Amino acid sequence: MPHDLVLKNALLVNEGEQIEGDLGISGERIEQVGGNASGNIEIDVDGAWVIPGMIDDQVHFREPGFEHKATIATESRAAVAGGITSYMEMPNCIPQTVNASELQKKHDRAAQHSFANYGFYLGATNDNIEEIKSVDIHKACGVKVFMGASTGNMLVDNEATLNDIFASSPILIATHCEDTPTILENEAKAREKWGDEVPASEHPNIRSAEACYKSSSLAVELAKRHGSKLHVLHLTTAREMDLFEPGKLSGKRITAEVCVHHLFFNESWYASKGSLIKCNPAIKKRADQLAVQQALLEDRIDVIATDHAPHTLDEKNLPFMDAPAGLPLVEYALTAVMEGVKLGIIPLEKAVQKTSHAPAELYQVQNRGYLREGYFADVVVIDHGTPTVVDDEPVYAKCQWTPFGGVTFSTRVTHTIVNGELKFSNGLFRSNSIGKPLTYNR
């Protein structure tokens, strides 16, 4: 019997290998990987890279509470256009996702509006330890702890509370690590020097390497003390890399993530981009960028994500110190990673490992993240011979801008398949169907 859909003449990139052949899909699942397949619908991808869809373990889709910036519908649509088929969304919205009721409401919203598959974090506060202890481990992808102040005022800075969280969380703890007292001290010095005209180039000095290391080293120490499963998000500094062990993800209790903008940008971009690349933690020095790239190769860093966090252009155009931190990133995340492949910075197989396989394994996502027979058909086709001129493309994020303006990437996402359905192809959305909740092998 023919498959429902076949991608013909593909270069299948999966589990450390490249295989020439076809990918057969029937219903929601992959039925054939490699060989020659026939289908009711056949798409000749002519040697393009066919990879499992990116699983983005860190996004802020701003709903509820900040719908003027973004919504689940708009941002998940942009994600699908960029080859992200599943995402895990953060709790710093209004109301904050800090109890079982609000967590369920997030799921209910996504079940109506999300183009991609979805998961949600339960957020930690200084006073919701009982919610963390009783969290439904099949409903939350993890527990998010802001160990540094950022957008949303969810700082957890009580020492006893942090100990309780690391001792008691039944699921993975994901941390934002920056030391707030250090940042405030640096900010005061900058304002003393510059007044109200603190330049963009001061951001990595205010949100300094010292601030990052002080917090991330505390998180690692707490995880070792309590045997916690810890995932440190969006690492940015050379010094922090020594906190993490090289090697395979399997068996690790402490893992690390880097985001696409910290791989792509460094402090030299502040002169041209200004607030458009203001984010927390800050984009830092070229030496830090190189150290993070090397840590990817050594498998000290396990996952590549986005930290997609949009704001309106009016907000970003405020004086630098008043402009909010955060960037819209999902639409060009994979093309930015693949630029590293084309430049020889990271092997293609490792890029797929960090964007698809590793987040699936780390979060125990069921039947996703690989090109495997019987797995959900979340698949992306990347034309590695056709460039993407960002300024010539529509911006699907609600904020209508991208920090990659002016950039030309060497590759192009041509097709995105979610749960076996062709959602996006050759610049057009083909379906408005809703994604599925992520399920976990726990």
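Annotations
- With every protein chain in place, the range 262-321: carbon and sulfur % of accessible area (1.4 Å): 53 percent
- Choice from 55, 277, 345 with maximal GNM fluctuation in the chain (Cα, 10 Å cutoff): 345
- Each Lys and Arg adds +1 at its Cβ and each Asp and Glu adds -1 at its Cβ; summed about the Cα centre, the chain shows a dipole of about 320 debye.
- Karplus (6.51, -1.76, 1.60) ³J(HN,Hα), θ = phi - 60°, over the range 14-25, in Hz, Gly and Pro reported as x: 6, 6, x, 10, 10, 10, 7, x, 10, 10, x, 10
- Legend: distances between Cα atoms for 252/354; 106/229; 316/423; pairs beyond 21 Å are 106/229; 316/423.
- Spatial separation of Cα centroids for the range 30-52 and the range 339-382, in angstrom: 17 Å
- Only Lys, Arg, Asp and Glu carry charge here, each on its Cβ (+1 for the first two, -1 for the last two); on that basis the range 234-283 has a dipole of about 120 debye about its Cα centre.
- At a probe radius of 1.4 angstrom, the accessible area of the range 347-397 per residue rounds to 32 square angstrom.
- Tensor-based shape of the range 150-273 (alpha-carbon gyration tensor, a/c under 1.5 rounded, otherwise prolate or oblate): oblate
- Residues in the range 21-111 average 30 Å² of solvent-accessible surface per residue, probe 1.4 Å, ligands and nucleic acids excluded.
- Mean Cβ count within 10 Å, highest first, over the residues of peptides 12-23, 83-94: 83-94, 12-23
- Residues considered: 156, 45, 407. Largest GNM mean-square fluctuation over the chain, using C-alpha springs under 10 Å, is found at 407.
- Our helix-only sum for the chain, with -39,500 (n - 2.57) per DSSP H run of n ≥ 4 divided by its residues, gives a mean residue ellipticity at 222 nm of -7500 deg cm²/dmol.
- Restricting attention to the chain, close to 45% of DSSP beta bridges with both partner residues there are antiparallel.
- Local net charge near residue 183, Cβ-Cβ under 13 Å (Lys/Arg +1, Asp/Glu -1): -3
- Between the beta carbons of residue 194 and residue 401, assuming R0 = 30 Å, the FRET efficiency works out to 0.70 to the nearest 0.05.
- For the range 320-361, the direction-averaged projected area of the alpha-carbon convex hull comes to 4.4 nm².
- Since only 123, 11, 135 are under comparison, the one whose Cα sits farthest along the positive direction of the charge dipole of the chain, derived from C-beta charges on Lys, Arg, Asp and Glu, is 135.
- Positive-end residue of 161, 194, 345, charge dipole of the chain with Cβ unit charges: 161
- Cα→Cβ-extended label distance, 7 Å offset, between residue 286 and residue 432, nm: 4.9 nm
- Span from the the range 236-263 Cα centroid across to the the range 210-231 one, whole angstrom: 12 Å
- Normalised by the number of residues in the range 298-442, the average gap of Cα pairs under 8 Å and 6 or more apart makes the relative contact order 23 percent.
- Three-way shape label, the chain, alpha-carbon gyration tensor, a/c 1.5: prolate
- Accessible carbon and sulfur surface of the range 106-194 relative to its total accessible area, %, 1.4 Å: 45 percent
- Euclidean distance between Cα centres, the range 86-150 to the range 274-304, Å: 26 Å
- Applied to the range 127-132, the Karplus parametrisation 6.51 cos²θ - 1.76 cosθ + 1.60 on θ = phi - 60° returns per-residue 3J(HN,Hα) values of 9, 10, 4, 5, 5, 5 Hz, with x for Gly and Pro.
- Here is the list for the range 322-388: GluC sites (Glu not before Pro) lying in DSSP coil, each with at most 15 other C-beta atoms within 10 angstrom of its C-beta, are 373.
- Most mobile of 126, 40, 117 in a GNM of the chain (Cα contacts under 10 Å): 40
The values are calculated or read from the model by the stated rules, or taken from the named source; none is laboratory data. Quick caveat, the model's predicted, so the values are computed rather than measured. Positions of Cβ are generated from backbone atoms using ideal geometry, with glycine treated the same way; all protein chains shown enter the neighbour counts. Keep in mind that these areas ignore ligands, DNA and RNA; they rest on the heavy atoms of the full protein, side chains included. Shrake-Rupley method; radii C 1.70, N 1.55, O 1.52, S 1.80 Å.
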